[in-house]
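Here's the structure we're looking at; comments come further down.
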Amino acid sequence: MWVDDLEKIAPIKIMEDSRVSVIVEPATAEEFRDVVNLVRERGLKVHVVGTRQNHVGEKVSADVYLSTLRYTGVLESSIGDLYAIVRSGTPFRELLEVLRREGLWIPFVHEGSVGGFASLNLPFHFSLFHGYPRDWLLGARVLTGLGEVIKTGSKTPKFSSGYKIWKAMSGALGRLGVYLDVIVRAIPLPEEIFPAEIKPEQINEAILRGAVGVTVYKKENEQMIAWFLGHSSYVKRVTKDYRQVEVPECSGERVYSIISTRGLERESVKEVKAECIVSYYGSGYSRVYNGEDMDKLRERGLKVLGEKGCEVECLPKPTQSFLRLKSALDPKGIFV
């Protein structure tokens with residue numbers, strides 16, 4: 001049986017709710033390649049997982065769940081060239097800690113693995129200035145559905161030749177292949193991060209003063225926070241007219257995102273009812289916690305993506321460009 005052959009490659013665990021599906025935990029790139037080759041040859045389906053805390057979309061049904069949790073470690077970091085090379089199963093917080101000790105930083109927080117950070121490609125408070133996770137990926141070593149290990153990108157942002165496969169895979173939720181080693185850009189660690197309370201009419205003023213992000217929280221009332229970071233003397237100077245505030249927390253059993261035109265995040269969720277809504281200004285992205293029915297919002301013309309607690313039709317239909325990439329990197333469609 002294929003399960004026995006799989007166990008010869010790497011340790012496996014039988015899924016608690018299934019007698020067929022298994023979790024396999026490779027520890028080397030060669031073991032990842034051998035697992036993918038076996039899956040393809042046996043006509044099976046595989047789903048890539050890390051911590052399994054941040055699944056987006058409806059529940060995935062696969063024969064093999066390919067775990068990155070034993071494939072960990074920061075392989076290299078450079079304070080001079082501002083990058084780190086890290087294995088995809090490494091906890092993101094561990095990468096941040098390694099960088100912090102060297103005076104470096106990545107302007108995101110992610111409760112999961114580095115591979116999950118890259119594969120999800122979700123915005124953060126600082127995305128107005130610092131963009132999305134894919135903007136921080138300089139390159140990667142990836143594994144395709146053909147069992148090919150490909151090195152793509154470089155240690156510098158000046159790479160311009162060939163296809164940027166590592167960026168195309170960011171946001172694809174592991175459906176195009178597996179991140180093995182990721183090259184991540186870093187910047188100097190800021191001395192201070194200052195969340196300042198502002199009013200809607202102060203957004204442009206805050207940005208002109210150097211705010212790297214603006215977050216809008218909508219609970220019982222609306223609260224807007226502009227984010228300033230850098231040297232303490234600089235932060236104190238540009239925030240002298242602002243009041244520092246506590247950052248609200250939002251959580252829920254049902255979470256989905258609303259995609260809008262950049263800069264119109266606040267307007268796009270103005271009529272949406274929910275326990276909490278977080279909009280990342282300038283990213284085109286708002287996250288809705290325990291909100292009203294997704295289908296009703298779609299009927300009103302909103303573009304809604306299911307993140308958590310969604311059962312059916314959570315994600316949009318694949319684009320033609322995604323399907324072309326899928327046919328090139330995973331022609332047998334083994335990654336789901």
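The values are calculated or read from the model by the stated rules, or taken from the named source; none is laboratory data. Since this is a predicted model, take the numbers as computed values, not measurements. Neighbour counts are summed over all protein chains in view; Cβ atoms, including those assigned to glycine, are modelled from backbone coordinates with ideal geometry. With ligands, DNA and RNA removed, areas are computed over all heavy atoms of the protein, side chains included. Shrake-Rupley method; radii C 1.70, N 1.55, O 1.52, S 1.80 Å.
Things worth noting here:
- Per the Kirkwood formula applied to alpha carbons, region 138-283 shows a radius of gyration over Rh ratio, Rg over Rh, of 1.06.
- Pairwise Cα separations in region 178-256 fall into 10 Å bins from 0 onward with the following percentages, short to long: 16, 39, 26, 16, 3.
- Semi-axes of the equivalent ellipsoid for region 63-146, computed as √(5λ) from the eigenvalues of its C-alpha gyration tensor and ordered from largest down, come to 21, 16, 12 Å.
- With a cut-off of 15 Å between beta carbons, the residues surrounding residue 326 carry a summed charge of +4, where Lys and Arg count +1 and Asp and Glu -1.
- In order along region 66-82, the Karplus-derived 3J(HN,Hα) couplings, from 6.51 cos²θ - 1.76 cosθ + 1.60 at θ = phi - 60°, round to 8, 8, 9, 5, 9, 9, 10, x, 8, 7, 6, 8, 9, 6, x, 9, 6 Hz, and Gly and Pro are given as x.
- Working from the Cα coordinates of the chain, the gyration tensor eigenvalues give, after taking √(5λ), semi-axes of 36, 25, 17 Å in decreasing order.
- Within the accessible area of the chain (1.4 Å probe), percent carbon and sulfur: 50 percent
- Our analysis of region 209-336 gives Rg over Rh at 1.09, with the two radii drawn from alpha carbon positions and Rh computed by the Kirkwood formula.
- For region 215-268, trypsin sites (Lys or Arg not before Pro) meeting the loop criterion (DSSP other than H, G, I, E, B) and having at most 10 other Cβ atoms within 10 Å: 240.
- Longest exposed-site-free window of the chain, the sites being chymotrypsin sites (Phe, Trp or Tyr not before Pro) in a DSSP loop that have at most 16 other C-beta atoms within 10 Å: 164-336
- Using the Cβ-Cβ distance between residue 7 and residue 328 with R0 = 25 Å, the FRET efficiency computed as 1/(1 + (r/R0)^6) comes to roughly 0.20.
- For region 1-119, the share of DSSP beta bridges that are antiparallel, to the nearest 5, is 55%.
- Charge dipole of region 2-84 (Cα centre as origin; +1 on each Lys and Arg Cβ, -1 on each Asp and Glu Cβ, all else neutral): 240 debye, rounded to the nearest 20.
- Positive-end residue, region 89-247 charge dipole about Cα centroid, Cβ charges, pick of 179, 116, 153: 153
- Calculated FRET value between residue 237 and residue 61, using beta carbons and R₀ = 51 Å, to 0.05: 0.40
- The H on the amide N of residue 77, modeled in the peptide plane, is under 5 Å from the matching H of 85, each at least 5 residues off or on a different chain.
- For the chain, calculated [θ]222 nm from helices alone, where every DSSP H run of n ≥ 4 adds -39500 (n - 2.57): -5500 deg cm²/dmol
- If only the Cβ of Lys and Arg carry +1 and only the Cβ of Asp and Glu carry -1, the dipole of the chain around its Cα centre is close to 900 debye.
- When you filter the trypsin sites (Lys or Arg not before Pro) in region 4-87 for DSSP loop state and at most 13 other Cβ atoms inside 10 Å of their Cβ, you are left with 8, 19, 52, 59.
- All alpha carbon pair distances within region 1-66 were sorted into 5 Å bins beginning at 0; the resulting P(r) in whole percents reads 3, 17, 31, 27, 15, 7, 1.
- Karplus-based coupling profile of region 191-206, in residue order and whole Hz: 5, 8, 10, 10, x, 10, 6, 10, 9, x, 6, 9, 4, 5, 4, 5, with θ = phi - 60° in 6.51 cos²θ - 1.76 cosθ + 1.60 and x standing for Gly or Pro.
- Semi-axes of the equivalent ellipsoid for region 146-214, Cα gyration tensor, largest first, Å: 37, 15, 12
- Pairwise centroid distance, computed over Cα atoms, of region 161-193 with region 66-83, Å: 12 Å
- Evaluated with a Cβ-only charge set (Lys, Arg +1; Asp, Glu -1), region 160-275 carries a dipole of roughly 420 debye about its Cα centre, given to the nearest 20.
- Each part gets one Cα centre, and for region 195-256 versus region 1-61 those centres are 42 Å apart.
- Averaged over its residues, the chain has an accessible area of 50 Å² per residue, based on protein heavy atoms and a 1.4 Å probe.
- Coil-residue GluC sites (Glu not before Pro) of region 286-336, DSSP, other Cβ within 10 Å capped at 16: 292, 311, 313
- Lys/Arg +1, Asp/Glu -1 at C-beta; the chain dipole; positive extreme among 55, 139, 98: 139
- P(r) tail, region 1-126: Cα-Cα pairs separated by more than 20 Å, 50% of all pairs.
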